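Report on the structure given below.
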Amino acid sequence: MLGIETIATYIPETKKSNYDLKEKFELDDDFIENKIGVKYHAIKDEGFQSSDMCVKAFESLLEITDVNIEEIECCIVVTQNPDFNIPHTAAIVHGKLNLPINCAAFDISLGCSGFVYGLSNIISFMKNNGMKKGLLFTSDQYSDIVDENDKNTALLFGDAATVTLISENATFIPIDFSFGTNGKEYKELMCEDNLYMNGRAVFSFTATTAPKHIKALLKKNSLSDEDIEKYFLHQGSKYIVDTIRKRLKVNEEKVPFDMAEYGNTVSSSIPIMLANEMDTLPKGKIVLSAFGVGLSWASAIIEKIK
């Protein structure tokens with residue numbers, strides 16, 4: 001059955017410290033560590049683009065598993081920071097990796113919810129077209145669009161990319177997906193010249209929508225918290241993750257928090273956590289839930305089978 005075989009990541013080595021910004025934004029350590037939860041955010045190299053970060057993630061993939069380029073039939077890139085308006089970044093990645101000419105390649109323009117949307121898309125696309133191996137990339141360099149003087153965004157976002165190998169040799173298989181959109185509120189998180197975020201509105205949306213969405217998905221599949229090993233929530237901020245966990249009434253050890261050293265990496269946040277815990281997670285069901293730009297949200301139940 002098609003599913004996630006393994007995941008590799010690229011997080012730039014260069015980091016910017018939020019402690020260095022305390023005086024500029026009138027912050028204290030408690031706000032940095034317990035509200036936003038970001039001590040450092042990762043910053044990509046000058047001139048690096050989304051495709052470059054995808055290539056770096058793929059190089060990391062080659063370090064942990066054998067990949068025969070000639071067997072890759074599908075390449076999808078989830079990004080809202082493409083290299084160019086035209087062509088799609090997946091085509092550029094395809095060329096840089098020298099993927100086969102009969103390999104499908106296309107982008108999905110989604111932010112924080114993008115990995116869950118992308119996972120459903122690539123598995124469905126591959127299944128419907130008889131494909132056996134594919135690559136799902138997530139890549140965003142928000143450092144290019146963040147206003148360094150904007151407290152709402154300058155303290156939060158970090159650059160990163162991931163690649164998920166989809167195959168029949170699955171470690172995780174999908175059980176169910178669920179999606180939602182409130183396009184009337186798109187202006188609360190958008191980029192015209194620089195990234196703009198209405199922090200209060202985005203928090204209110206997330207804290208209200210995400211717990212209800214997760215509960216509904218569990219109910220639909222006749223599952224309860226006792227059936228779930230862990231909940232991997234998009235790392236919007238520590239306060240958001242903590243709020244969702246409390247409203248779900250879930251124990252803290254079942255909800256990882258893992259953004260302190262690199263920031264909110266948009267669509268890469270969930271696959272980074274999965275990659276970090278893949279070897280230690282027990283077999284069983286896992287909830288993925290992400291929310292943000294659009295405003296959009298997406299949740300999934302996947303199962304670790306080996």
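The values are calculated or read from the model by the stated rules, or taken from the named source; none is laboratory data. Note that the structure is predicted; figures quoted are calculated from it, not measured. Glycine gets a Cβ as well: all are built from the backbone with ideal geometry, and neighbour counts include every protein chain shown.
Figures for the structure shown
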quantity: Residue list for segment 162-178, restricted to those being in contact with a helix residue (DSSP H, G or I) (Cβ under 7 Å, 6 or more places away or on another chain) and not β-branched (Val, Ile, Thr); calculated: LEU165, PRO174, ASP176, PHE177, SER178
quantity: Filtered residues of segment 1-30 (kept if among the hydrophobic types (A, V, I, L, M, F, W, C) and either closer than 22 Å to THR265 by Cα or surrounded by 12 or more Cβ atoms within 10 Å (Cβ to Cβ) (or both)); calculated: LEU2, ILE4, ILE7, ALA8, ILE11, LEU21, PHE25, LEU27
quantity: The lone exception for THR164 - which of (1) more than 24 Å from GLU70 (Cβ to Cβ); (2) modelled with pLDDT of 90 or more it fails; calculated: (1)
quantity: For GLU63: the one exception among (1) in contact with a Phe, Trp or Tyr (Cβ under 7 Å, 6 or more places away or on another chain); (2) at pLDDT 95 or above; (3) surrounded by fewer than 21 Cβ atoms within 10 Å (Cβ to Cβ); calculated: (1)
quantity: Any hit, segment 110-121, residues being surrounded by fewer than 21 Cβ atoms within 10 Å (Cβ to Cβ), β-branched (Val, Ile, Thr) and touching a residue at least 40 places away in the same chain (Cβ under 8 Å); calculated: no
quantity: Hits in segment 35-81 - residues which are more than 16 Å from HIS94 (Cβ to Cβ), touching a Leu at 6+ places or on another chain (Cβ under 8 Å) and either assigned to a helix (DSSP H, G or I) or not assigned by TED's automatic domain parsing to the domain that holds THR138 (or both); calculated: ILE36
quantity: Every residue from segment 1-47 that is β-branched (Val, Ile, Thr) and under 25 Å from THR164 (Cβ atoms); calculated: ILE4, THR6, ILE7, THR9, ILE11, THR14, VAL38, ILE43
quantity: Test: residue in segment 124-133 that is under 18 Å from the mean Cα position of the chain (by Cα) and either over 14 Å from THR265 (Cβ atoms) or not hydroxyl-bearing (Ser, Thr, Tyr) (or both); calculated: no
quantity: Filter result for ILE72 (surrounded by 19 or more Cβ atoms within 10 Å (Cβ to Cβ), touching a residue at least 60 places away in the same chain (Cβ under 8 Å) and either closer than 15 Å to THR138 by Cα or touching a strand residue (DSSP E or B) at 6+ places or on another chain (Cβ under 8 Å) (or both)); calculated: yes
quantity: Which listed residue is of a type in the set (Val, Ile, Thr), assigned by TED's automatic domain parsing to the domain that holds ILE69 and under 30 Å from LYS16 (Cβ atoms), from THR162, THR206; calculated: THR162
quantity: Total residues in segment 134-145, condition buried (at least 21 other Cβ atoms within 10 Å of the Cβ) and either over 18 Å from the mean Cα position of the chain (by Cα) or of a type outside the set (S, T, N, Q) (or both); calculated: 6
quantity: Conditions (1) more than 21 Å from ASP176 (Cα to Cα); (2) assigned to a helix (DSSP H, G or I); (3) without any contact (Cβ under 8 Å) to a residue 40 or more places away in the chain; number of the one not met by SER124; calculated: (1)
quantity: All positions within segment 147-160 that are within 19 Å of SER267 (Cβ to Cβ) and either surrounded by 23 or more Cβ atoms within 10 Å (Cβ to Cβ) or more than 20 Å from the chain's Cα centre (by Cα) (or both); calculated: LEU156, PHE157, GLY158, ASP159, ALA160
quantity: Number of the condition not met by TYR186 [criteria: (1) modelled with pLDDT of 85 or more; (2) surrounded by fewer than 18 Cβ atoms within 10 Å (Cβ to Cβ)]; calculated: (1)
quantity: In segment 163-183, the residues that are under 19 Å from CYS112 (Cα atoms) and surrounded by 16 or more Cβ atoms within 10 Å (Cβ to Cβ); calculated: VAL163, THR164, PHE177, SER178, GLY180
quantity: THR206 being part of a helix (DSSP H, G or I), in contact (Cβ under 8 Å) with a residue 40 or more places away in the chain, under 19 Å from the mean Cα position of the chain (by Cα) and surrounded by 17 or more Cβ atoms within 10 Å (Cβ to Cβ); calculated: yes
quantity: Total residues in segment 214-224, condition over 18 Å from the mean Cα position of the chain (by Cα) and surrounded by 15 or more Cβ atoms within 10 Å (Cβ to Cβ); calculated: 4
